[in-house]
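Everything on this sheet refers to the single structure shown next.
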Amino acid sequence: MPDGHQTTSHEIERYAGLFARRTRQMRSSAMRDLMAITARPEVISLAGGLPDTSTFPPDTFAAITARIARESCASALQYGPTEGFEATKHCIAEVMAAEGMHIDVDDVIVTTGGQQVIDLVTKTLVDPGDVVICEAPTYPGAVPVFSSYEADVVQIEMDADGMRIDLLEETLGRLEREERRPKFIYTVPTFQNPAGVTLSAPRRQRLVEIARERELLVLEDNPYGLLRYEGDPLPPLRALDGGVYVLYLGTFSKILSPGIRLGWVAAPAPVLTKINLGKQAADLCTSSLTQKLVEGYFAEGRWRGYVQDLCTIYRRRRDAMLDALAEFFPPQAEWTQPGGGLFIWATLPDFIDTEDLLAKAIQQENVAFVPGSAAYADGRGGSSMRLNFSAVSENDIVEGIRRIGKVIDAQISLYGTISGRAAGAPAQAPEVEPADVPTNVVPLPQRPSDTKRGARGS
Ligand SMILES: Cc1ncc(COP(=O)(O)O)c(C=O)c1O
């Protein structure tokens with residue numbers, strides 16, 4: 001539309017009548033919306049899920065691209081097979097082996113990022129009104145996918161050990177009585193986005209048993225498994241189940257680069273065939289050029305060293321954020337203690353609306369985070385926030401948390417003034433009916449000041 005052109009109501013109506021019904025359910029991704037604002041240099045953004053790509057050596061990038069130009073220019077510039085190049089799949093098999101899984105490359109399709117896997121799996125399995133089960137809170141980028149396919153999203157509470165499997169079983173029982181069979185359970189079991197928590201070993205075991213007993217599919221989304229800062233790795237769900245009911249989503253985004261847009265799905269053959277058809281319709285094939293890039297990079301054999309370097313950097317940043325939270329957030333706040341990944345999930349007193357808080361934080365303090373409601377299909381999570389610690393320096397993390405703490409303090413004082421409570425008194429929202437109080441926020445571990453550092457859960 002030309003600059004300065006005002007959209008009239010007549011014009012809006014002209015197009016509105018043409019939109020498909022599913023567009024009414026479509027939601028914008030909170031992170032995408034925030035990206036424009038957070039790109040401003042004066043803003044400290046703890047909002048994105050961005051890995052720190054400035055750590056990747058430019059010389060390595062230059063050498064790999066020069067080699068592609070020399071040795072495989074024509075095929076790098078050409079369309080490729082929908083399922084991806086065999087050589088790329090061998091790199092994927094290497095990453096999966098590092099996570100404790102052994103796969104046949106024929107069980108894999110290379111995708112345009114892990115995000116496309118969520119889209120293709122939902123497209124393949126979900127009719128409007130079908131139930132998809134996921135964690136509460138869930139990956140904010142999955143919410144717009146589920147809503148665009150008109151799924152009925154049922155979210156299961158978590159605690160410090162990940163999804164509450166007892167509640168999952170209760171929910172599955174209820175759905176069965178209602179004769180509603182969920183199409184799949186979507187989970188990020190390791191260093192979850194957004195909560196940072198990890199599904200415990202016994203819960204993993206039980207989840208795959210449930211999938212087998214009830215013949216339910218599980219989509220295991222695992223971008224963060226190799227970004228571990230302490231403790232021993234737990235087996236992926238796919239390793240426990242052998243790839244019968246568990247569909248596995250992996251990505252190069254967090255261990256190499258999100259800009260190359262390369263992910264993958266490993267699934268049983270009949271599901272993979274349908275996913276392949278869905279991908280043909282969506283984009284024909286994944287970028288040949290970036291697949292060649294991964295191939296060249298893996299040939300150098302240094303990818304694991306790079307992931308270790310990332311872990312060292314992110315561990316320090318996580319610690320800086322945890323220390324800053326203990327220093328600058330009010331006593332009423334709680335937050336998770338991630339043993340890996342990129343995120344901390346903080347929950348504030350009920351009377352604080354983090355969407356409102358975000359507007360103030362950006363406007364008054366030039367700092368951003370993701371409001372908790374983005375991680376719920378039904379708008380809950382309103383007093384929580386997701387904080388990212390991978391994308392900015394330790395100094396900026398501390399300064400960012402200090403600024404957010406300042407805005408929270410102002411909000412608490414304001415509430416104290418209006419409600420007549422002392423500003424530091426334990427937070428409650430007496431005017432909210434119990435039924436309206438969000439019940440699905442993660443019951444969080446103790447504040448770090450009350451917890452031994454070494455006890456950080458993973
Ligand atoms: C849990 C989870 N799944 C999927 C994605 C999508 O990643 P990509 O499409 O970059 O592979 C992300 C990105 O942040 C994520 O956190």
In degrees, nearest 10, range 0 to 90: what is the angle between the Cα axis of helix 86-98 and the longest Cα principal axis of the chain? 50 degrees
Note on the range 158-308, DSSP bridge orientation, antiparallel percent to nearest 5 equals 45 percent
DSSP bridge orientation in the chain - percent antiparallel, rounded to nearest 5: 55 percent
What Kirkwood hydrodynamic radius do you get for the chain when you take the inverse of the mean 1/r over all pairs of distinct Cα atoms, in Å? 23.2 Å
Give the angle, between 0 and 90 degrees and rounded to the nearest 10, that separates the Cα long axis of helix 303-328 from the longest principal axis of the Cα atoms of the chain. 10 degrees
Student exercise, the chain dipole from Lys, Arg, Asp, Glu Cβ charges, in Debye to nearest 20: 600 debye
Using a probe of 1.4 angstrom, how much of the accessible area of the chain is carbon and sulfur, in percent? 52 percent
Based on DSSP, what percent of beta bridges with both residues in the range 109-164 are antiparallel, to the nearest 5? 25 percent
Just for the Cα atoms in the range 305-428, what are the lengths along the principal axes, largest first, rounded to whole Å? 56, 32, 26
What does the helix-only formula give at 222 nm for the chain: each DSSP H stretch with n ≥ 4 adding -39500 (n - 2.57), the total divided by the residues, and the result rounded to the nearest 500 deg cm²/dmol? -13000 deg cm²/dmol
For the chain the mean separation of alpha carbon contacts under 8 Å (6+ apart) over residue count, i.e. relative contact order in percent, is 22 percent
Taking a probe of 1.4 Å and leaving out DNA, RNA and ligands, the range 255-370 shows per residue an accessible area in Å² of 36 Å²
Amide H within-cut-off set for V218, under 5 Å, with H built and near neighbours excluded: I185, V246, L247
I'd like to compare 193-203, 148-158, 382-392: which one has the highest average count of other Cβ atoms within 10 Å, and what's the full order after that? 382-392, 193-203, 148-158
Between D161 and T417, what FRET efficiency comes out of the Förster formula 1/(1 + (r/R0)^6) with R0 = 25 Å and r the beta carbon distance, rounded to 0.05? 0.05
Within the set K183/K292; K89/K254; K254/K292; K183/K279; K89/K279, which residue pairs have Cα atoms separated by over 24 Å? K183/K292
Inter-centroid distance (Cα atoms) of the range 187-261 relative to the range 266-293, Å: 20 Å
Compare the peptides 372-378, 270-276 by average per-residue count of other Cβ atoms within 10 angstrom and give them in order, highest first. 372-378, 270-276
Degrees, to the nearest 10: 269-283 long Cα axis against longest axis of the chain: 80 degrees
For the range 126-204: accessible area per residue (Å², 1.4 Å): 32 Å²
From the Cα centre of the range 361-380 to that of the range 309-341, the distance in Å is 18 Å
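The values are calculated or read from the model by the stated rules, or taken from the named source; none is laboratory data. Just so it is clear, the structure is predicted and the values come from calculations on it, not from any experiment. Here Cβ is always computed from backbone atoms with ideal geometry, including for glycine, and neighbour counts include all displayed protein chains. These area figures cover heavy atoms from the full protein model, side chains too; ligands, DNA and RNA do not enter into them. Shrake-Rupley method; radii C 1.70, N 1.55, O 1.52, S 1.80 Å.
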